[in-house]
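Just below is one structure, and these are the notes that go with it.
The values are calculated or read from the model by the stated rules, or taken from the named source; none is laboratory data. Keep in mind the model is a prediction, meaning the values are calculated, not measured. Heads up, the Cβs are rebuilt from the backbone with ideal geometry, glycines too, and the neighbour counts pull from every protein chain shown.
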Amino acid sequence: MKRLLITGAAGGLGSMLRKRLAGYADILRLSDVADMQAAGPGEEVVPCDLTDLDAVTELVAGCNGIVHLGGRSIEDTWEIILNSNIIGTYNLFEAARRNGGPRIIFASSNHAIGFHPRSEKLDASSPQRPDSLYGVSKCFGENLGSYYWDKFRVENVAVRIGSCLAEPRDRRMMATYQSEADFERMVKAIFRASRVEHTVIYGVSANTEMWWDNSHADFLGYQPQDTSEVFRDKIEAQPPVDRDDPAVIFQGGGFAKAGHFED
Ligand SMILES: NC(=O)c1ccc[n+]([C@@H]2O[C@H](COP(=O)([O-])OP(=O)(O)OC[C@H]3O[C@@H](n4cnc5c(N)ncnc54)[C@H](O)[C@@H]3O)[C@@H](O)[C@H]2O)c1
């Protein structure tokens, strides 16, 4: 890979990936609206607001692959979700089309399917069931990916990331946890795959409690090596949960339970 763009590079996953992908591409182009550390060897730091289509088109020029992490990463006002996630993600896909269609990894979220109960096992063909405006924006991004593949042959993978953190924080995350190392493995597998078209996968480690089936995406070669089980004792030491709580019934947890942000 000659030049790989990471949007949202100042954020949690972006900073983690910046370190893990050092040397993976000839050049890592790192972009965000927030401050980023100065460019090191093999890096370019290019501040850019995703809401500005011309700027995003320039940002994407010369890139062979994109990991699109930029945007609001939790529920917020409609205005913020609209600008950062809906307009921002449209601009990113459109900029990719204008620049010859580099492969895109789109950071979708489990909150695109968060209103499915935990008792259901999902795969990529399960209907979207967003649990928030944030989740709706991720559904929009996934659908953009479908459209930009079908009409313009811009290849992309929408990753419904579970909880990519250093370690799970609660019982729900025993099912949704994806280790940072597995996230790195997944990104590399997606760029290594010969053809991805438009694929939706779940960003998750090889956890024992599993709500999601990724077998349709085996061709990508993503083989998670980690599991949340190593944190089991720590999580079991937490107070028991109320099984009638909507935050426990639904896959999206607290996002499904929360009120509407605009109220
Ligand atoms: N971390 C997880 O477990 C997880 C789970 C599901 C989905 N995701 C998705 O993965 C992505 C990265 O998550 P994160 O945890 O690193 O989030 P984060 O909030 O730490 O990082 C997001 C970054 O996007 C930037 N950004 C926001 N609006 C922007 C704009 N208009 N223009 C340019 N940059 C903008 C922010 O400044 C921030 O640095 C997000 O899209 C999030 O929705 C993450």
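Residues checked against (1) within 27 Å of Lys188 (Cβ to Cβ); (2) among the hydroxyl-bearing types (Ser, Thr, Tyr); (3) surrounded by 23 or more Cβ atoms within 10 Å (Cβ to Cβ):
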residue: His68; (1), (2), (3): yes, no, yes
residue: Ile81; (1), (2), (3): no, no, yes
residue: Asn85; (1), (2), (3): yes, no, yes
residue: Leu92; (1), (2), (3): yes, no, yes
residue: Ala96; (1), (2), (3): yes, no, yes
residue: Asn99; (1), (2), (3): yes, no, no
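Residues considered: Phe93, Phe106. Of these, the only one that is within 27 Å of Asp131 (Cβ to Cβ), more than 10 Å from the ligand (Cβ to nearest atom) and outside any loop (DSSP other than H, G, I, E, B) is Phe93.
Regarding Gly70, is this residue farther than 26 Å from Glu262 by Cβ, in a loop (DSSP other than H, G, I, E, B) and at pLDDT 95 or above? So Gly70 does not fit the description; no.
Of all the numbered requirements in (1) more than 12 Å from the ligand (Cβ to nearest atom); (2) outside any loop (DSSP other than H, G, I, E, B); (3) touching a residue at least 12 places away in the same chain (Cβ under 8 Å), Ser125 misses one, and that requirement is (2).
Can we say Thr77 is in contact (Cβ under 8 Å) with a residue 40 or more places away in the chain, hydroxyl-bearing (Ser, Thr, Tyr) and away from the ligand (no atom under 12 Å from the Cβ)? Criteria met by Thr77. Does Arg160 count as assigned to a loop (DSSP other than H, G, I, E, B), touching a strand residue (DSSP E or B) at 6+ places or on another chain (Cβ under 8 Å) and basic (Lys, Arg)? Here the answer is no, as Arg160 does not meet what is asked. In the condition set (1) farther than 22 Å from Trp149 by Cα; (2) in a helix (DSSP H, G or I); (3) in contact with a Cys (Cβ under 8 Å, 6 or more places away or on another chain), Arg29 is compliant with all but (2).
For Glu167, the test of being part of a helix (DSSP H, G or I), touching a helix residue (DSSP H, G or I) at 6+ places or on another chain (Cβ under 6 Å) and more than 11 Å from the ligand (Cβ to nearest atom) is failed.
The C-beta contact set for the range 251-263 (first residue in contact (Cβ under 8 Å) with a residue 60 or more places away in the chain and among the hydroxyl-bearing types (Ser, Thr, Tyr), second residue surrounded by 15 or more Cβ atoms within 10 Å (Cβ to Cβ) and in a helix (DSSP H, G or I), distance under 7 angstrom, 6+ apart or interchain) is empty. Looking only at the range 12-71, residues that are charged (D, E, K, R) and touching a Leu at 6+ places or on another chain (Cβ under 8 Å) come to 4 in all. In the range 245-254 there is at least one residue matching the filter, namely being acidic (Asp, Glu), surrounded by fewer than 22 Cβ atoms within 10 Å (Cβ to Cβ), part of a loop (DSSP other than H, G, I, E, B) and at pLDDT 95 or above. Looking only at residues of the range 36-64 that are β-branched (Val, Ile, Thr) and assigned to a loop (DSSP other than H, G, I, E, B), we find that the one that is nearest to the ligand (Cβ to nearest atom) is Thr51. Of the residues making up the range 2-35, those that are within 10 Å of the ligand (Cβ to nearest atom) and among the acidic types (Asp, Glu) are Asp32, Asp35. Considering only the range 35-44, I want to know if a residue exists there that is of a type in the set (Asp, Glu) and either touching a strand residue (DSSP E or B) at 6+ places or on another chain (Cβ under 6 Å) or in contact (Cβ under 8 Å) with a residue 60 or more places away in the chain (or both). Yes: one or more hits. Does the range 229-240 contain any residue that is of a type outside the set (Val, Ile, Thr), assigned to a loop (DSSP other than H, G, I, E, B), on the phi > 0 side of the Ramachandran plot and surrounded by fewer than 16 Cβ atoms within 10 Å (Cβ to Cβ)? No, because not a single residue in the range 229-240 is of a type outside the set (Val, Ile, Thr), assigned to a loop (DSSP other than H, G, I, E, B), on the phi > 0 side of the Ramachandran plot and surrounded by fewer than 16 Cβ atoms within 10 Å (Cβ to Cβ).
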